[in-house]
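The values are calculated or read from the model by the stated rules, or taken from the named source; none is laboratory data. Computed from a predicted structure; not experimentally measured. Cβ placement follows ideal geometry from the backbone for every residue including glycine, while neighbour counts extend to all protein chains displayed. Accessible surface areas use protein heavy atoms only, side chains included; no ligands, DNA or RNA. Shrake-Rupley method; radii C 1.70, N 1.55, O 1.52, S 1.80 Å.
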Amino acid sequence: MLNPNYYFSLLFQLLVHLPILCVSPQVILVQVNPGEAFTIRREDGQFQCITGPAQVPMMSPNGSVPPIYVPPGYISQIIEENGVRRVLVLPQQPEFHPGGHSPLHHPPPPPHAHLPAFIPHPAMMPPPPHLYPGMAGVQTHKCCPYVPSGSTDSHSQHGRPPFVHRDDRTSKTYERLQKKLKERHGGGGGGQVKESPPLSPHKTCSSPPTADIHNGVGGKGLEVEQELLKLDEEARALQALLSTITKPVVSDVQAKVVVVSWSAPSRPESDGSSVQDSCSPPETFGYEVSVSLSGKDGKYNVMYCGDEISATLEDLRPATEYHIRVQAMCNCLQGSPSEAVSFTTLSCEPDPPNAPRKASGTKNTLVLQWKAPCDNGSKIQNYILQWDEGKGTGIYEQCYYGLQKQYRVTKLSPASRYSFRLAAKNDMGVSEFSEVVDLFTSCSVPLPPFPPELEKAGVTWLCLKWQRPTSSPKEDDIFYILEMEEEGSGYGFQPSYDGDELSCTVRNLHRSTKYKFRVAAYNSEGKSNPSQLVEFITIPDRPSSPCRPVIRGRVLPNSFKMAWEPPKDNGGAEVTKYVVELSEGLSGLSWELVYSGPAMEHVCEGLKPGCSYQTRVYCMSEGGQSPVSHSTLQVQTPAVPPGPCQPPRLVGKPKAREVQLRWGPPQVDGGSPVACYSVEVSGLQSEESREVYQGPELDCSVGGLMPGKTYSFRLKAANKAGFGPLSERCEVTTGPGAPEQCRAPSTTCKSPSCVVVTWEAPACNGAPVTEFRLEWGAAEGSMQVCYSGPGLSHEMKGLLPATNYFCRAQAVNVAGVGPFSEAMLCQTPCSVPAAVSNVYALKESELQRPRPPPLYSPSTCLGICWDPPCDHGSEITSYLIDLGERQPIAIGPVSQHIIQHLQPDTSYRIRIQALNSLGAGPFSHTFKLKTKPLPPQPPRLECTAFSHQTLRLKWGDGPAKAATSDALQYQLQMEDKSGRFISLYKGPCHTHKVQRLNESTSYMFRIQAFNEAGEGPFSNVYTFTTPRSPPAPVKAPKVERLEDNSCEVTWEALPPMKGDPITYTLQCMMGNSEFKQAYKGSSTSFHVQNMQPNSDYRFRVCAIRQCQDAPELSGPYSPTMTLSPQRNDTAAVGGGGAAGSGSRASAESGRARRSLTDEQCAFLLLMVFAVIAILIAFVIQYFVIK
């Protein structure tokens, strides 16, 4: 139910934003709030109720918004925001009072004939949370669906009519009603109804015409709703009409058949004609006829369903009372059942009896018996027994007629077959005959049977069996008498059994005693002679249990030896064998036979190491099996290495160079838990193996394999006793990999500009080669793909003559691309050398390798290098270097040369020409190179400033005096503790400060100048020494007034510096005079006397380092402390001291005032800004807003 205390809405979101009048299908999301329900009708006609919170996807075939049926006191409005239409259900204002609205979760109306209903989207439809309670009573009959009365009651509790299923007949009736509705609107309403949404059949006619905004449609749509509501009233009137059917009329009552007829439902003439219009033809009514066997109020079963007003009911019980009623149906509506009518079926002939059976018989007589069948309401008077007289022709004659239920047939032939059948008769007639039964007569006196045989013997019993005499037919009833005589008893033969069985167990006999037996057969004709005598002996009793077994020797991992003593009582017979049973564990639930024989000791083998076992012994003789020994023998076997594991198995798909293996623990752990596993791998044809894994895990990853190869893996497990044997081999083939490297291709020169390249296919590594790639180029590092395909050769055209070319091949398969082959050099036919392409100057680093040339100077020499040109097949014999004005220089077949005896800082134009046996090639392009100027000399190094930790060094002139074109730079080096010089500075500056030095230490420096011409020589070594460090400053002294003219000054002591003692100097200043030394010594306090009253005194202290081999060094003075004259009120002087009492003076800092800290300044600025902001806000509030 909806809660009227808060707003709620059903949100329909059109996923495709189209105009409202668009008729294309769209998906609409119906949002159902918590506590609400939404009912839809599916395509199969079933109703489904969905409770919130949920979102129901709906599909609109024509793009329109579906109608929303709101509860009383609410209205619906359609709004559109950003292309999304919403249907809001809001509480109605007081001036609107729409009545009769159905609740929100009422079922939707049936689809309009011209407007398809909203269909739940099949792909997004959520499963139904539950069916509406009213749907539980709906049933479907094989002829016509209907709604039982119980369903109507359940719906009436909720104030809503029952739901009904609609079939084809309902659809046709609905179409007929729609056609009638169109005719009432005069033909013009079809288009109006077509554009209207589906209307609710539960709307009442009391809705006010002012609510024209309901569902976004006008007043004409409400008129159509009211018409449909009238149709619903007609349905209820039709149901009332169906309930007026009268009780049926029973006629032509037979024993198993009855004819029932009834009248169609009729309505008084005073009632309206709407129902008659919809169901006027009689064939539109359907009927159900129900029959009850258990009284008027009993259970009724439907025996007829159809459109006729009469029916013939068959398969009834004779002489039985029935109650019958009829129920009318129309358009899937069902009326109330009519009044029940009772009738009783007539009596008839009896049911066919069962076949007679043989009660007894001899060789000339048969005694037959039978049971009475159902008399069907009339008492049975006689039975008719017929037989075929033993002729077997199928012709039967009556041999008995009477009321008895048995009959003796006499004067029959021995061992003959006779066929009989039976019928019953009463006042209504004779029943059908029973099934035919074949019976046999007995034979003559049986012959003596064979002597009995011993089937099984016991201690106090014998089980005997015998055979039926061969001459007696199977139909003859033969009985047997078994007679027994005990040896030495003197009583003779006594009967032990009398019956028709072919076996007998004689009990209560004595142990190990001989008995004589014979058997005789008899039937109704007499008794045969006894059979031959046979003798049987009972078996002895079982012996007692053996003594407790004991262990002999040492217990081995897989075996131990045990022994036992014979039983004290053998049961009257010698013990034939002993049986040893073994149980694993100490539970003793299952036992296994391990030995059976006459010996009294046994070695138990095949045991599991490290396991506990129990053994027990029992013996056997002719008398049977003895009980087991009273106590078991418990044995613990020592542990051994584990047994062989199952071969490791492959996990997943093998990779090209890695496989994943997994295995299980060994079936035999050797009596100790497995601690680790070892995996070994070997090639398929190789016997050598290597370990690739050892650890406690049950899987591992093995890498470093070759693709497409088969490897053999074996596994072994280890426990505290050691490693076990290796498992069987597991052969694994790695996944296909890229092909192997191709061999170097071969080339054949067909002409100076054409070369044929051929290659061979490499190993495919598990996947066939699908493609070859050939790269070709003039250099190894700049080759490009010139061919790609499955061929093994390719022809290269358009090549340069006498040129070196490189080629290499590569194979490709589905697994990837293989590596390139080695580059193959191909030479075209010879020619004169080509021009030198590149000429460049040699770097100094290249000149130093492997050793610098003699008399080399970058100012007078030029080192040049060039790329050897293509010799076009003929080896280059020499090069010619042209310097322009100078004579050309001829050199050998080298690729670099140092040109000497040049002018410093001079430019030269250089050309190079290559020569071979075929001639001289063209000159190269002209290259311009320049010699460097002469390198600079080192400057003079000076120390301009020094301290105990730093040295400031200066050299040469300042940067302003240096030539800008010279780009002169310097390198300063210092000698470290190991005697090597390390670089401190490298750059154009003329000064450098060396820091982090030690006091009173000598340091050696040297300097070098360099420019574009090269590095100049190093200067001489300069030595500079750091002075001693002065003492650290002393903290401000503490001054304490002792008397009016004396005080005591104290300060903190400093530790000695590298063994040098520390002394102190105390200076005092009275008033504004100068500081004078008041004390000098090693003490840390001094008593000042003879002070003038009413005068200010200032004190400061400095430390003095007493050097052993140098003058003393004074440190900086401490902050000044002031001693003011004694006053009545004690206050801090200068803001730096704390107030004292009595004779304690106040000390202050040397500063009279102390500046504010950063935190105080920030806080002060924050307060100023806060005050200004408050003032601005007040001004805006007072002058602007008001």
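For (1) among the hydroxyl-bearing types (Ser, Thr, Tyr); (2) out of contact with any Phe, Trp or Tyr (no Cβ under 9 Å at 6 or more places or on another chain); (3) within 29 Å of residue 1025 (Cα to Cα), each residue gets a yes or a no:
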site	(1), (2), (3)
909	no, no, no
917	yes, yes, no
946	no, no, yes
977	no, yes, yes
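Residues that are under 30 Å from residue 816 (Cβ atoms), open to solvent by 50 Å² or more (accessible area, probe 1.4 Å), among the basic types (Lys, Arg) and touching a Phe, Trp or Tyr at 6+ places or on another chain (Cβ under 9 Å) do occur in region 627-649, at least one of them.
The condition of being surrounded by 18 or more Cβ atoms within 10 Å (Cβ to Cβ) and either closer than 22 Å to residue 670 by Cα or among the aromatic types (Phe, Trp, Tyr) (or both) does not hold for residue 556.
From the set of residues in region 435-450 that are farther than 13 Å from residue 367 by Cα and surrounded by 20 or more Cβ atoms within 10 Å (Cβ to Cβ), which is modelled with the lowest pLDDT? It comes out as 443. Among the residues of region 1071-1105, those identified as among the small types (Gly, Ala, Ser) and in contact with a strand residue (DSSP E or B) (Cβ under 8 Å, 6 or more places away or on another chain) are 1078, 1081, 1082, 1083, 1085, 1095, 1103.
Table: residues versus (1) on the phi < 0 side of the Ramachandran plot; (2) not aliphatic (A, V, I, L, M).
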residue: 424; (1), (2): yes, no
residue: 429; (1), (2): no, yes
residue: 434; (1), (2): yes, yes
residue: 437; (1), (2): yes, no
residue: 442; (1), (2): yes, yes
residue: 455; (1), (2): yes, yes
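Scanning region 770-783 for residues that are open to solvent by 40 Å² or more (accessible area, probe 1.4 Å) and either at pLDDT 90 or above or among the acidic types (Asp, Glu) (or both) yields 770, 771, 773, 780. Could you list, in sequence order, the residues of region 333-380 that are touching a Lys or Arg at 6+ places or on another chain (Cβ under 6 Å), surrounded by 15 or more Cβ atoms within 10 Å (Cβ to Cβ) and closer than 30 Å to residue 306 by Cα? The answer is 337, 338, 340, 341. Quick one: is residue 795 of a type in the set (D, E, K, R), open to solvent by 20 Å² or more (accessible area, probe 1.4 Å) and touching a Cys at 6+ places or on another chain (Cβ under 7 Å)? For residue 795, the condition - of a type in the set (D, E, K, R), open to solvent by 20 Å² or more (accessible area, probe 1.4 Å) and touching a Cys at 6+ places or on another chain (Cβ under 7 Å) - is met. Against the test of being closer than 26 Å to residue 440 by Cβ, in contact (Cβ under 8 Å) with a residue 12 or more places away in the chain, assigned to a loop (DSSP other than H, G, I, E, B) and more than 60 Å from the chain's Cα centre (by Cα), the options 371, 379, 358, 391 yield a single qualifying residue, 371. Do we have residue 1021 as modelled with pLDDT of 90 or more and either open to solvent by 20 Å² or more (accessible area, probe 1.4 Å) or in contact with a Cys (Cβ under 6 Å, 6 or more places away or on another chain) (or both) here? Spelling it out, residue 1021 is indeed modelled with pLDDT of 90 or more and either open to solvent by 20 Å² or more (accessible area, probe 1.4 Å) or in contact with a Cys (Cβ under 6 Å, 6 or more places away or on another chain) (or both). Residues that are part of a loop (DSSP other than H, G, I, E, B) and free of Cβ contacts under 8 Å to residues at least 24 places away in the same chain are absent from region 538-549. Restricting region 565-581 to residues that are out of contact with any Phe, Trp or Tyr (no Cβ under 6 Å at 6 or more places or on another chain) and crowded, with 19+ Cβ neighbours inside 10 Å leaves a set whose member that is farthest from residue 547 (Cα to Cα) is 571. Checked across region 757-771, the condition of being farther than 30 Å from residue 642 by Cβ, touching a residue at least 40 places away in the same chain (Cβ under 8 Å) and in a strand (DSSP E or B) holds for at least one residue. Close contacts from region 249-265, counting a first residue that is farther than 29 Å from residue 330 by Cα and a second that is part of a strand (DSSP E or B), with Cβ to Cβ under 9 Å and a gap of 6+ residues or different chains, come to 253/259; 253/343; 253/344. Restricting attention to region 461-502 and to residues that are hydroxyl-bearing (Ser, Thr, Tyr) and surrounded by 15 or more Cβ atoms within 10 Å (Cβ to Cβ), the residue that is farthest from residue 541 (Cα to Cα) turns out to be 472. Scanning region 434-465 for residues that are more than 30 Å from residue 622 (Cα to Cα) and not β-branched (Val, Ile, Thr) returns 434, 435, 438, 439, 440, 442, 443, 444, 446, 447, 448, 449.
Within region 650-663, being in a loop (DSSP other than H, G, I, E, B) and open to solvent by less than 70 Å² (accessible area, probe 1.4 Å) holds for 651, 652, 654, 656, 663.
Among the residues of region 682-722, the ones that are of a type outside the set (A, V, I, L, M, F, W, C), without any contact (Cβ under 8 Å) to a residue 60 or more places away in the chain and either exposed (fewer than 13 other Cβ atoms within 10 Å of the Cβ) or more than 21 Å from residue 654 (Cβ to Cβ) (or both) come to 13 in all.
Please specify each residue of region 735-750 satisfying the condition of being open to solvent by 10 Å² or more (accessible area, probe 1.4 Å) and either touching a His at 6+ places or on another chain (Cβ under 9 Å) or touching a residue at least 60 places away in the same chain (Cβ under 8 Å) (or both).
First pass over region 735-750, keeping only residues open to solvent by 10 Å² or more (accessible area, probe 1.4 Å): 736, 738, 740-741, 743-744, 746-750.
736, 738, 740, 741, 743, 744, 746, 747, 749 - these are the residues of region 735-750 that are open to solvent by 10 Å² or more (accessible area, probe 1.4 Å) and either touching a His at 6+ places or on another chain (Cβ under 9 Å) or touching a residue at least 60 places away in the same chain (Cβ under 8 Å) (or both).
Filtering region 1031-1069 to residues that are of a type in the set (Gly, Ala, Ser), crowded, with 19+ Cβ neighbours inside 10 Å and either without any contact (Cβ under 8 Å) to a residue 24 or more places away in the chain or touching a Leu at 6+ places or on another chain (Cβ under 9 Å) (or both) leaves nothing.
I'd like to check something: does region 917-933 contain any residue that is in contact with an Asp or Glu (Cβ under 8 Å, 6 or more places away or on another chain), over 24 Å from residue 804 (Cα atoms) and not basic (Lys, Arg)?
Yes, the conditions are met somewhere in region 917-933.
Within region 1100-1121, the set of residues being open to solvent by less than 70 Å² (accessible area, probe 1.4 Å), in a strand (DSSP E or B) and of a type outside the set (Gly, Ala, Ser) comprises 1100, 1101, 1102, 1104, 1105, 1113, 1116, 1121. Filtered by the rule that a residue be in contact with a Cys (Cβ under 7 Å, 6 or more places away or on another chain) and either in a loop (DSSP other than H, G, I, E, B) or at pLDDT 95 or above (or both), region 394-434 gives 414, 415, 428.
In region 468-490, what residues are in a loop (DSSP other than H, G, I, E, B) and either in contact with a helix residue (DSSP H, G or I) (Cβ under 9 Å, 6 or more places away or on another chain) or closer than 20 Å to residue 415 by Cα (or both)? The answer is 468, 469, 470, 471, 472, 473, 474, 475, 476, 477, 478. Counting only strands (runs of 3 or more DSSP E) that fall entirely inside region 925-1031 and contain at least 3 residues that are aromatic (Phe, Trp, Tyr), the qualifying elements are 1002-1011.
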